[in-house]
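*Asks:* Before we start, here is the structure in question, set down as structure tokens.
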Amino acid sequence: MSEISERYRKVAGQFTQRVGAALDDPDTARRQRDTPMGRASFEQTIDRICTGDVLVHTWDLARATGLDESLDPDEVHRFVEGMEPLDELLRQSGQYGARVPVPDDADEQTRLIAFVGRDPQRSLASRWQRS
């Protein structure tokens, strides 16, 4: 295993252990705090950040490797519903690029991918053909 892989596994393991322990403690998990996304419990904040991150990067990796890009439609719906009201805040954070235009009748997954600044129509091959 490469040094980078080992380091990633170590840090990911520490993150998972610490967040898991905090979520397992009911008082910590339910504690309310003011966040840039509004007042929320620790468990709500972790869900908003981590679930969305994994969802979008699952699509990224599937697209990059030519695998099935289908995402769980319930999670896509939940994520879209939660992000739409935060559009301006998310753009200001620098976490997402400009929304990519898609047809009005695009399915929800396509709208999600476009919302976070990915072009759902662009092929992986076209990324490598930039001049």
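*Asks:* Hey, what do the phi angles of the range 82-87 turn into as Karplus ³J(HN,Hα) couplings, whole Hz, using 6.51/-1.76/1.60 and θ = phi - 60°, x for Gly and Pro?
*Replies:* x, 8, 3, x, 9, 3
*Asks:* How much mean residue ellipticity at 222 nm does the chain get from its helices, if each DSSP H run of length 4 or more adds -39500 (n - 2.57) and you divide by all residues, to the nearest 500 deg cm²/dmol?
*Replies:* -16500 deg cm²/dmol
*Asks:* I've got another one for you. Over the range 31-121, with a single point scatterer placed on each C-alpha, what log10 of the ratio I(q)/I(0) does the Debye formula yield at q = 0.12 1/Å?
*Replies:* Ignoring solvent entirely, the Cα scatterers give -0.38.
*Asks:* For a quick protection proxy, order the peptides 5-14, 39-48, 78-87 by their average other-Cβ count within 10 Å, most packed first.
*Replies:* 39-48, 78-87, 5-14
*Asks:* Further question on the same structure: Given labels modelled 7 Å from the Cα in the Cβ direction, how far is it in nm from Asp119 to Asp107?
*Replies:* 2.1 nm
*Asks:* Same structure again: Between beta-carbons, use under 12 Å as the cut-off and find the net charge around Phe115, counting Lys and Arg +1, Asp and Glu -1.
*Replies:* The answer is -1.
*Asks:* Would you calculate the separation in nanometres between label points at Asp24 and Glu81, each defined as 7 Å from the Cα along the Cα-to-beta-carbon direction?
*Replies:* Output for this residue pair reads 3.1 nm.
*Asks:* Report relative contact order for the range 1-127 in percent, whole number only (criteria: Cα-Cα under 8 Å, sequence separation at least 6).
*Replies:* 15 percent
Every number in this text was worked out from the coordinates using simple rules, so none of it is lab data. On a predicted model such as this, the values are computed, not experimentally measured, just so you know. FYI the Cβ positions are ideal-geometry reconstructions off the backbone, even for glycines, and counts take in every protein chain you see.
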